[in-house]
């Protein structure tokens, strides 16, 4: 792989923008895309349509995990969560996303799972914060994977890759490992391996480093 001149980090190509971003110091460097025969045909119209829908959902996920979403949680829900935390004698510093999910489950609040960062923020636990530059880089990488995904997606697969899985893999790729503990990962090892197999093909196509998910 290409090496950054400033810090010897790995340069990650973002092909549709024609730049490489260092996963060590975030320096950008332009690169020329060789105009050879494309390795696959132009994506059909539906790929572009799905990519548009997906990028919107991906941006929602980015906002969600930083508790920047605009959502309303009823005050009594927050009160009941606080009561349950006191009952279990939990300190807020020990309230991981997994523990918060357990509490929501006990209280029958399953529909609020995806709002855990927002709920934790309401309890006084500050969410992680990404720079606007990192968010844009992640969105660019997300757009880059759309064509290879269409090419390598198994015919029997209906849904796109898990969005938090994609976010995890991209942050891992960029060396932004401080965010990894905040992403809920797939519990089912079979599903993880399935996603890894598709991701590996995407990485190969885009000349990205592939790291197996533990």
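A few comments on the model shown:
- Extension gain, residue 52-residue 8: 0.36 nm per intervening residue step, less the Cα-Cα distance, totals 12.4 nm.
- Over region 67-122, relative contact order from alpha-carbon pairs under 8 Å, at least 6 apart, %: 49 percent
- Modelled this way, with points 7 Å down the Cα-to-C-beta line, the labels at residue 131 and residue 84 are 3.8 nm from one another.
- Computed [θ] at 222 nm, deg cm²/dmol, the chain (DSSP H ≥ 4; -39,500 (n - 2.57); rounded to nearest 500): -14500 deg cm²/dmol
- Using bins of 10 Å that start at zero, the share of Cα-Cα pairs per bin across region 67-122 amounts to 23, 64, 13, 0, in whole %.
- Nearest-ten-degree value, helix 132-144 long axis tilted from longest Cα axis of the chain: 60 degrees
- With respect to the chain, whose longest principal axis is taken over its alpha-carbon atoms, helix 75-87 is tilted by about 80°.
- When you restrict to C-alpha pairs under 8 Å that are six or more residues apart and normalise by the size of the chain, the relative contact order lands at 22 percent.
- Computed E for residue 204/residue 177 - FRET, C-beta separation, R0 30 angstrom, nearest 0.05: 0.85
- Between residue 197 and residue 123, the contour length at 0.36 nm per residue exceeds the Cα-Cα span by 22.8 nm.
- Per-residue Cβ neighbour rank within 10 angstrom, fewest leading, 26, 91: 91, 26
- In this simple spin-label model, placing a label point 7 Å from the Cα along the Cα-to-Cβ direction at both residue 190 and residue 105 gives a separation of 1.9 nm.
- Which label in [x] 18.5; [y] 17.9; [z] 19.2 gives the computed Kirkwood radius over Cα pairs in Å: [z]
- Folded to 0 to 90 degrees: helix 189-206 orientation relative to the chain principal axis, Cα: 30 degrees
Throughout, read-outs are computed from the coordinates displayed, never taken from laboratory work. This one's a predicted model, so the numbers in the text were calculated from it and none came from an experiment. Here Cβ is always computed from backbone atoms with ideal geometry, including for glycine, and neighbour counts include all displayed protein chains.
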